[in-house]
1. Contact order normalised by length for the range 377-416, with contacts defined as Cα pairs under 8 Å and 6 or more residues apart; what percent is it?
2. Take every Cα pair under 8 Å in the range 197-280 that's 6+ residues apart, average their separations, divide by the length, and report that relative contact order as a whole percent.
3. Which whole-number value in Å² is the accessible area per residue of the range 456-596, probe 1.4 Å?
4. Determine how many Å³ per residue the convex hull of the Cα atoms of the range 166-321 encloses.
5. In debye to the nearest 20, how big a dipole does the range 371-529 give about its Cα centre with +1 on each Lys and Arg Cβ and -1 on each Asp and Glu Cβ?
6. Going by average Cβ neighbours within 10 Å, how do the peptides 532-542, 359-369, 403-413 rank, with the highest at the top?
7. If only Cα atoms are counted, what is the Rg of the range 96-198, and what is its Dmax, in Å?
8. State, to one decimal in nm, how far the label point of Glu204 lies from the label point of Asp441, with both points 7 Å from Cα in the Cβ direction.
Amino acid sequence: MSGRPSRPPDLRPDDPIHPGAPELLSRNEPDRARAVGRRGRRSADPEPDLRSAGAAGRAGHPHRAPPRGEHLGDPARRPRRRGRRGPARRRAPQPPRRRSGGLVLSADLVLRGGRVIDPETGLDAPRDVGIRGDRIVAVTQDPLDGRRVVDVAGLVVAPGFVDLHSHGQALAECRLQALDGVTTALELEAGAAPVAHAYRRSAEEGRPINYGFSASWAAARMHVVGGGPLSGWPLEQISARLGADAWRAPATPAQTDRLLAVLEHELADGALGIGLLIGYAPATDPAEYVRVAELAARAGAPTFTHARPLAEQDPGVAVDGADEITRVAAETGAHMHYCHINSTSARHLDRVQALVEKVRAEGARVTTEAYPYGAGMTAIGADYFAPDRLHVLGATGTPSDVVYVRTGETVASVERLAELRAADPGGLAFIKTFDEDGAPDRLAGLVGLPGAVVASDAVPLVCEPGHVFDPASWPLPDFVRTHPRGAGTFARTLRIARETGALSLPDAIARCSLEPARIVERAAPALRRKGRVQVGCDADLVVFDPSAVTDNATYADTVRPSSGFAWVLVNGVPVVADGELVQSARPGRAIRRDAR
């Protein structure tokens, strides 16, 4: 692959939806083929080594119908003959032509002979997958021919992973996630502000994977109540102010009305929902949280909440964080997504999980996520790192639970902790919640947590003092750090599932792909084409070795990429090829809310 591909237009939420069939049907099933055939969408970003010059010249508007004679292998899409009189007549469907070597199909890329796992239909069998432009055009037992054929026998072909909780939205962080099988990474817990700015900047810079943002309640509150500019992207602009008192002050009725107006405007600008960092402002009036949920319910948008502390963690909290999310979901009808339920619940996860399951059974829409690590990470100036509050999340409740990321220093005393919080309030720090080495069953429990999807909570890269980092450089230098979950969450999930039996492989794939897509797809119908390996769906795919895929990032070597992913395709374009990052690839597209 040579040169940097031109970027395709943003993925629009009003594109036609292609439910499709799990397989391209055989030549003996033309009637069923008519029922399931759909028009595929072209990519405006031709890859020189995958498409012929003719195909590249024809690639244009993403909604343009295929030229006459190119019908994506679908008899139902062949042109109709029109006589000079009378209505148009449809030609009888013809079986696909064959030649020695395979079924003739106008495909740019064929993944041949892999174990295809589609979590929605339950397909788990050897198949050929044909890709044309940015769509899947065939999933079949018949051997396919295409402009390029890649033998993936012995490997799994699955939907690309969808990460609902990724603060690492810059190029380098997205590359790490691509090498972990992620094809769509969304910033939904903290959100961005203004969202139009975040979408525009991401499009201008180009991304290897798809991206999207929620409206940021915290940034809006910092603007309306704290008196600062409406500026909440990139994340550092929020994290530096998380521990400040001004934005966490009680809001007047007029301020609350203005706050809701800001969030409503952000939703109209394409925000995928509303992200609520209420755990960082736990004294906020619970009535404000209810009003935000009511707004989200009216708009048909989900909320993504970093919960307040639990009553067991902080007896003086305004309302128990788990009780609040579940009760408000039931009262307002809003879809409430409970972010990183593992880390905010800590040792009380069983009680919180039981509450979530209870309200789900009663009809409330509460979804959850978890990541399989024993340490969290956030800004050291946040309340969680106040010396008298380390017990809320910390394993021991002492400064030794804290590691300052920029230097790798384990904090030795309360005095040193206070010094770091004052000098660098937005600086990232680990907080150890449990000992992973001593609790392998606990990690397996997080992977198998009933109803929870996988989400990384990836954070931006941090540069050691005295160094300057070029975000376009690759491989990443050893003086940049992050949380290892930003590099290895999804491979670690697959590894733990394999080693412990916490989940079957199809179930693990579903939690990484289909289930997170379903959480957002009501608000953003573009997600209905992701998380699936079906005809008409987006060609966001991962190809990996199920016996070898693993995470490699550790707390000492935090940016070491995962291994075992042979191919990662985003909108039909390889961003990982033969296990190596394609540095020039920028096929990522915006995922926006359908605000109609």
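The values are calculated or read from the model by the stated rules, or taken from the named source; none is laboratory data. As the structure is a prediction and not an experimental result, all values here were calculated from the model. Here the Cβ is made from the backbone with ideal geometry for all residues, glycine too, and neighbour counts use every protein chain on show. All accessible areas refer to the heavy atoms of the entire protein, side chains included, with ligands and DNA or RNA removed. Shrake-Rupley method; radii C 1.70, N 1.55, O 1.52, S 1.80 Å.
1. In percent, rounded to a whole number, it is 25.
2. 41
3. It amounts to 32 Å² per residue over the range 456-596.
4. 115
5. That gives the range 371-529 a dipole magnitude of about 720 debye.
6. 532-542, 359-369, 403-413
7. Rg and Dmax of the range 96-198, Cα atoms, are 17.4, 56 Å.
8. It is 5.4 nm.
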